[in-house]
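Q: Sharing a structure here in structure tokens format.
We did not get these values from a lab; they are worked out from the coordinates using the rules stated. Computed from a predicted structure; not experimentally measured. FYI the Cβ positions are ideal-geometry reconstructions off the backbone, even for glycines, and counts take in every protein chain you see.
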Amino acid sequence: MSQFPALTSGHRPVGVVSFAQYDNVRREEARNEVEMLMPVVAEVFGNIGITKDDVGFICSGSTDYLIGGPFSFVAALDAVGVWPPRAESHVEADGAWALYEAWVLLQEGEIDAALVYCFGRSSMGDLGQILSVQLDPYYLAPLWPDPTSLAALQAQAMIDKGTASEADFAAVASRSRRSALSNPKAQVAYDRSPEELLKEDYEVAPLRRHALPPLTDGCAAVVLAAGERAYELCERPAFITGIDHRIETHSLGARDLTASPSTKLAGEKAGVGAKKVDVAELHAPYAHQELILAEALGLADDVAVNPSGGALAANPMMSAGLIRIGESARAIWSGQADRAVAHATSGPCLQQNLVCVLEGV
Amino acid sequence: MMDAATRLDYVFTAGVAMSKNLHGYEQGKFIGQRCPKCKKVYIPSRGSCPTDGLPTDEIVELPNTGTVTTYCVVNVPFAGQSIEIPYICGQILLDGANLSFMGLLQEIPIDEVRMGLRVEAVWVPPEEWGPTLASVKYFRPSGEPDADYETYKEYL
């Protein structure tokens, strides 16, 4: 009998057994979304020697606002080839939420494996403008505030409260970009000290260039498998022992931007604090947000945070969250970690957050 | 009451496969692509076979002739209309293709257009060819006998 990690009563063990991502690039000029996804889907299946016929469900994450066309997720299915007809779904969110839907379906027990993929491009329009239309349509969206300006308000609130300094932001960026040097999929990686980074000019005060994520075109895919099927496909599956997502009000003025109560609650529900955490992959597009997330999740000082470089290394829209889960799974497959915490975010200033705890046996 | 007009501009990426199709129009050619598995020919291809999910890497040049699988007579004026009504919009299945596309039908009285009608492409003068289907001025009857329903029933 195969061994499975302890799960909440009644839950079925579901593990991440394969992961693939596109080469994160500033601007993919030649390929369309389908042409970007095809090699990634082929790789995520090829890694474990299966085909689309071996998964009982397909779930994708993307948003039409990035592409500027309706039903782009339907066209993207051409990258998988859905004939004969397949059970398929889509979330207008990061692929991490698509993974959540697949995990829920796998809990029902009718299928043993699922494909999750996501795609998003930052290069097709003005990303700042595009993201501003997700804000509340009455008070915020008409002002067209871009995400960097909103993140800067959040960072300034931390400084005003005394919970962090610009030097702390630079320390996060310096460590993340240095870690990114060993990530072949990183878009921005360098070895520069925090002191050097603090000499940069402000993009939007108090955020300097190093505290901002790169603009990235990319996509990613994961295969989930349940029970014994997970061991058939992967020597050491990264089992999901807890997963939860929570959202805060869309009114930024009604939130304490220096904390992330939704991450805290999701982390508690997912059981982050139950045992030692070895690796945490946090979807913090802006450097200061990593500090908020680590605090909300109660991560100890010895946790390796974002060994991949995180979203500061590459921030493909709608994929950077799923990539955190994929990178966490890789740490477990390799034995680098026994227990990892993956986090995904959506919305301005960490409005919505998903926490996924992964364990290897 | 307040107006908050929203406008977002995008740069469209046609993709590798569709770019080959579009560049074909610059040379007066219909360029499709074939699936390596099911052998279907798509025009235009978006790069993958929607049935098999495989890259349609094989380039196939298709002829100027095809069959009207179905059609619609447009009698309703609408904003931006560039052709005088009434006119006929046909689904054209080029010979050798497994995907039909919409094309304008001319040089035939409206009450004579029919499913199975054999047509040929009429191109704009070569100096006006560009990376757009507008390089094809319209389709007109080729004079061949109508196609058998069995030959196009899968493409309606």
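Q: Considering every residue in A:71-84, what mean count of other chain Cβ atoms within 10 Å of its Cβ is obtained?
A: If you average over the peptide's residues, the count of other-chain Cβ atoms is 4.
Q: Between A:Ala304 and B:Phe12, what FRET efficiency comes out of the Förster formula 1/(1 + (r/R0)^6) with R0 = 41 Å and r the beta carbon distance, rounded to 0.05? Please list the in-between numbers first.
A: On the way: r = 41 Å, r/R0 = 1.00.
It comes to 0.50.
Q: Further question on the same structure: For n ≥ 4 DSSP H runs only, could you compute -39500 (n - 2.57) per run for chain A, divide by its residues and tell me the 222 nm figure to the nearest 500?
A: -9500 deg cm²/dmol
Q: Using 10 Å bins from zero, what percent of all Cα-Cα pairs in region A:206-337 falls into each bin?
A: Reading upward from the zero bin: 11, 37, 38, 12, 2, 0.
Q: Also, quick follow-up: Taking 37 °C and 0.692 mPa s as the conditions, I'd like the Stokes-Einstein D for chain A in µm²/s, using the Kirkwood hydrodynamic radius from alpha carbon pairs.
A: This corresponds to a translational diffusion coefficient of 162 µm²/s.
Q: Just flag the GluC sites (Glu not before Pro) in region B:76-114 sitting in loop per DSSP whose Cβ has no more than 13 other Cβ atoms within 10 Å.
A: Hits after loop and neighbour filter: B:Glu84, B:Glu107.
Q: A further question follows. Would you list which lysines come within 20 Å of A:Lys52, measuring only between C-alpha atoms, while excluding same-chain residues fewer than 8 positions from it?
A: B:Lys37, B:Lys39, B:Lys40
Q: Something else: What does the helix-only formula give at 222 nm for chain B: each DSSP H stretch with n ≥ 4 adding -39500 (n - 2.57), the total divided by the residues, and the result rounded to the nearest 500 deg cm²/dmol? Can you show the working numbers first?
A: Details: 1 runs with 11 residues, N = 156.
That comes out to -2000 deg cm²/dmol.
Q: Next question, about the same structure. Determine the gain in length on full extension of the stretch A:Lys52-A:Asp136; use 0.36 nm per residue of separation and subtract their C-alpha separation, reporting nm with one decimal.
A: Taking 0.36 nm per residue and subtracting the Cα distance, the gain is 26.3 nm.
Q: Still on this structure: Between 0 and 90 degrees, rounded to the nearest ten: what's the tilt of helix A:95-108 against the longest Cα principal axis of chain A?
A: For helix A:95-108, the angle is close to 30 degrees.
Q: So what's the angle, to the nearest 10 degrees on a 0 to 90 scale, between helix A:166-180 and the longest Cα principal axis of chain A?
A: Relative to chain A, helix A:166-180 is tipped by roughly 30 degrees.
Q: While we're looking at this one, here's another question. Calculate the mean, over all residues of peptide B:54-61, of how many other protein chain Cβ atoms lie within 10 angstrom of the residue's Cβ.
A: 1
Q: In nm, to one decimal, how far is the A:Val361 label point from the B:Glu26 one, both placed 7 Å along Cα→Cβ?
A: 5.9
Q: Rounded to the nearest 0.05, what FRET efficiency do A:Asp23 and A:Val104 give with R0 = 25 Å and r taken as the Cβ-Cβ distance? Could you check?
A: On the way: r = 31 Å, r/R0 = 1.24.
Given R0 = 25 Å and the Cβ-Cβ separation, E is 0.20.
Q: Same structure again: Please give the peptides A:191-204, A:317-330 ranked by average Cβ packing (other Cβ atoms within 10 Å per residue), highest first, as a rough proxy for protection.
A: Answer by packing, highest mean first, reads A:317-330, A:191-204.
Q: Right, another one. With label points built 7 Å along Cα→Cβ from the Cα atoms of B:Arg140 and A:Ser149, find their separation and express it in nm.
A: Taking the two extended label points, one gets 5.7 nm.
Q: Separate question: Using the number of other C-beta atoms within 10 angstrom as an exposure proxy, rank A:Ser251, A:Ser176, A:Ser334 with the fewest first. Spell out each step's value before the answer.
A: Values: A:Ser251 13, A:Ser176 26, A:Ser334 10.
Ranked by crowding around the Cβ, least crowded first: A:Ser334, A:Ser251, A:Ser176.
Q: If you don't mind, another one. Only four residue types carry charge here, +1 at the Cβ of Lys and Arg and -1 at the Cβ of Asp and Glu. Report the dipole size of the protein assembly as shown about the Cα centre in Debye, rounded to the nearest 20.
A: The dipole magnitude comes to about 680 debye.
Q: Hey, fewest Cβ within 10 Å first, where do A:Ser260, B:Ser45 land in order?
A: A:Ser260, B:Ser45
Q: Quick one: 3J(HN,Hα) in Hz for region B:121-135, Karplus 6.51/-1.76/1.60 with θ = phi - 60°, rounded, Gly and Pro as x.
A: Karplus-based 3J(HN,Hα) across region B:121-135 equals 7, 10, 8, 5, x, x, 5, 9, 5, x, x, 7, 5, 5, 5 Hz.
Q: Now for a different question. Modelling each spin label as a point 7 Å along the Cα-to-Cβ direction, I'd like the A:Glu43/B:Leu156 distance in nm, to one decimal.
A: Placing both labels 7 Å along Cα→Cβ, they lie 4.4 nm apart.
Q: When the Karplus curve 6.51 cos²θ - 1.76 cosθ + 1.60 is applied with θ = phi - 60°, which whole-Hz ³J(HN,Hα) does each residue of region A:210-224 get, with x for Gly and Pro?
A: 5, 7, 9, x, x, 8, 9, 9, x, 7, 8, 8, 9, 10, 9
Q: Please identify every one of the chymotrypsin sites (Phe, Trp or Tyr not before Pro) in region A:26-114 that sits in a loop by DSSP and has no more than 12 other beta carbons within 10 Å of its own beta carbon.
A: Listed in order of number, the matching sites are A:Phe71.
Q: Something else now. Bin width 5 Å, origin at 0, all Cα-Cα pairs of region B:16-155: what percent of pairs per bin?
A: 2, 10, 19, 20, 19, 16, 10, 4, 1
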